[in-house]
Structures are given as C-alpha cells and as structure tokens.
1. Note down the net charge around Val100, summing +1 for each Lys or Arg and -1 for each Asp or Glu among other residues with Cβ under 15 Å from its Cβ.
2. Order of Met220, Met341 from fewest to most other C-beta atoms within 10 Å?
3. Using the Karplus equation 6.51 cos²θ - 1.76 cosθ + 1.60 (θ = phi - 60°), what ³J(HN,Hα) coupling, rounded to whole Hz, does each residue of the stretch 84-90 give in order, writing x for Gly and Pro?
4. With the crude spin-label approximation of a point 7 Å out along Cα→Cβ, what separation in nm comes out for Glu251 versus Val187?
5. Using alpha-carbon pairs under 8 Å, 6+ residues apart, how would you state the relative contact order of the chain in percent?
6. Fewest first, what order do Ile173, Ile258 take by the number of other Cβ atoms within 10 Å?
7. Consider the candidate values (i) 31, 24, 21; (ii) 64, 21, 19; (iii) 44, 20, 19; state which one is semi-axes √(5λ) of the Cα gyration tensor in Å computed from the structure displayed.
8. Under a 5 Å amide H to amide H cut-off, with H placed in plane at 1.01 Å, what residues pair with Ile181 once short-range neighbours are removed?
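Readers should treat all values here as calculations from the given coordinates under stated rules, not as data from a laboratory. Computed from a prediction, not measured in an experiment: that's the story for all the values here. Cβ sites come from the backbone with ideal geometry, for glycine too, and all protein chains shown count toward neighbours.
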Amino acid sequence: MLRSALTAVREHLELDIAYMSEFVDGDTVFREVIAPKMTDMIAAGELGDGLQVGKSLPKMETYCHHIMDGFLPPLITDTRELDISRNLQVTKDLKIAAHVGIPLVLKDGTKFGMFCGISHTPKPDMNARDLRVMEMFANMVTEHLDAQMMAHQKSGRMRERIDALVDQNDFEIAYQPILNIEEMRPVGYEALCRFTGTGRAPDVWFAEADDVGRLQDLEMAVIRKALNPLTGLYPLKFISINASPETAISEEFRAHMIKQPLERIVLEITEHAQVDSYEQLMQALKPLRRRGMRLAVDDAGAGYSSMRHILKLRPDIIKLDMSITRDLDKQPSHCALVRAMVHFSKETQGHVVAEGIETQIELDMLRSLGVQKGQGYFLGRPKIGLGGPQTLKSSLIA
C-alpha cells in the first residue's frame, strides 16, 4: 500500500523521488524510497548516504524536522528562495530543487514521520491543488499506519494473555475415555484443554497463540500438565495428546517426551495442521516412535489434508472425524469410507478410532464395520482430572 501511494504521487506530481520517513529518537529514518530513475545513483551514494531504505540522517538536518515543526512550509517550489532550505546540507547532498512534505501524525498524537517528494529541478507550477493531492495520499498512509499500530498493540495484549496462561498454568485438562467398543472397556484417554472462566473456546486460544508466535509455548504447557497423571494411571491405559507439527519437531518437545513412558502416549496430529515438511516431521518423531510412542492422524475424513497426512506419516492410529461417525446408519458413503479406513489400517498394522459417537445405533454400525475403538459422549464425556490407579483399573465409563 505504501509503495503504491508513493508511486502515485511521484508520477502525478512528476517528482524524481518520493519517500516516507520515520522519526526514531533523534534521527529521520527512510522507511520507503521510490526513485526508479535514480536507483543506481542512490545505491552508489551519489545522492547522499541517507536516501536508502533503512538509512538515517540526524533529524535536525532534514526537511522532515523543519516542516513538522513549522520552520518550513509543506510545499517548496524552489529551495533557493528560502534561507533554511538553501542552507541545509541535505539540499546539496540530495540535489533538492523542490520539495513537498506532509507530516504523518497518528490518532494518538504521535509524530510518526513524513510523506515527501523531491524534484531535482524547481517546480514553479506546483500549487495548493498539488499539495491537496499529497495530503490525500498522506492521509491514506496515516490510516494504514494507525491500523498497523492498533494491530501491533492488539498482538502485544494477546501475547501478554498467552504468557500469563502459560506462566500460571491457568487452564484445566479434561480427559475423555477411549474405549474398546467390542468389550466396552476403557483403554486410554484423550487429553483436552479447557480454559475455564474465559468464555472462549480452546481453538480460539490456540489460534491466538499461533498468531502471536506463542503456539509452541502454550502447547508444551498443556502437554506437560496433560501427562502428569501418567504416573498414577493403570499401566494398561494410555494418554493421547495433541500437538502441532511446529511443536512436534521442536527440541523442547523431544527433550520432554524422551523422559516419558512413551509406550503409553499417543501423539495426535490434526487434519487441519499444515505440515511444511513431512520428512522433517517424520525424522523428528522417529526416535520417539522407536521407543514406543504411537502417532495418530486426527479428524480423518474431514478434508483432503487428513488423507495426505495418513499417506505421508504412516500413523499407528487413524481417528475418524465425528462428521463421518454422525448418523452413520443413514450415510452409505460414510460407511464405505469407514470400511476403507479399517481395511487400510489393518494393511498398515494400525487401527481406527471413531470420534463423536453419540448414539447406540452409531456404536452398533461402527462395530459391524470392524471399528474396534471409539470415543464420544455416548461412551463417556470429558472430565477434569483423572482418579487414582485403583479407581481407573476397575472403572467403567460413567
């Protein structure tokens, strides 16, 4: 947007250079420069060392400062006619014969910088109408900067919220039972994060953490808390955790997981997770899987990505999305997909877990299709925390 605005005013006002500057401490920093005919001269330093993106000049020595503080007018058609402009060193260095500059002042009153144009020849025909054109584009840039500033402040607040959650462990872990649906006995639990008292769904928190670069921090905090009950959990049962590929390939994840009883842990990669490099993910998980950790692809059947995950990652467990399980008795195509998944899992030495089982009919249909494990409200709702080993050993799902 900024480059487009600068290009438009440079061409419309027939200027040699258009630029935007920012005031940083006592300097004027050039944030964007449009000068297609002068590119080689600027790069070679023939127009002064300052007129390059990222370069700076002392603020007191620039037109930006003098215009912002009212010592020079925003439109100067001939710099030789004013003492200040004529005597500025930057006039000679940048060969400024005419100059137009509009202050960029944000909504909160911050003097951000300037939106300017330079001509290497005097521009006696430039007038108030041209200045209004410059002001119009400068106002557009100011609105853009205000929006960026608001987004930056919002991101800062989001980071603070996520950091507070992580530092204070301000969330709960609910465990939903996973059953052997042939024998109707619990074989493990999926750990689900719950942010109590916030009124916000977990996926909103995780999406927010991802937006501000805190996803790995939040996921690792949840994983550590989720795996705490393993020491008291009846040995035949496992805990299934969720992690993004970003977290799964991290050294922090590997270092924590290598200390755990990996044969009792299932790592779920969701269908919605973007995998930038399957090879990198496979290599990162290889030592953990070698020690017994199982890999599951979650939400299978919800979209194309799950099929790709299954083929590329060769998971031990395929978790059928609840959209496939729902009303299974009325969906012949869903039944065909379930049969195919069951067959595929057997051929690859894995098994299928059906999610979202909510009725006896769905349970019966899944059994008839060869699915051996499942979870859902009909079998057991998620509950905060897990009981002691004796309770878990003998419990049936409430």
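1. Details: positive: Arg10, Lys123, Arg129, Arg132; negative: Glu11, Glu14, Asp16, Asp78, Glu81, Asp125, Asp130, Glu135.
Charge balance near Val100 sits at -4.
2. So the residues, fewest neighbours to most, are Met220, Met341.
3. 4, 5, 5, 8, 5, 4, 5
4. With each label placed 7 Å out from Cα toward Cβ, I get 3.7 nm.
5. Numbers: 686 pairs, mean separation 44.5, N = 398.
Computed over the chain, the figure is 11 percent.
6. Working: Ile173 24, Ile258 12.
Sorted ascending by nearby Cβ count, the order is Ile258, Ile173.
7. Checked against the structure: label (ii).
8. Lys373, Gly374
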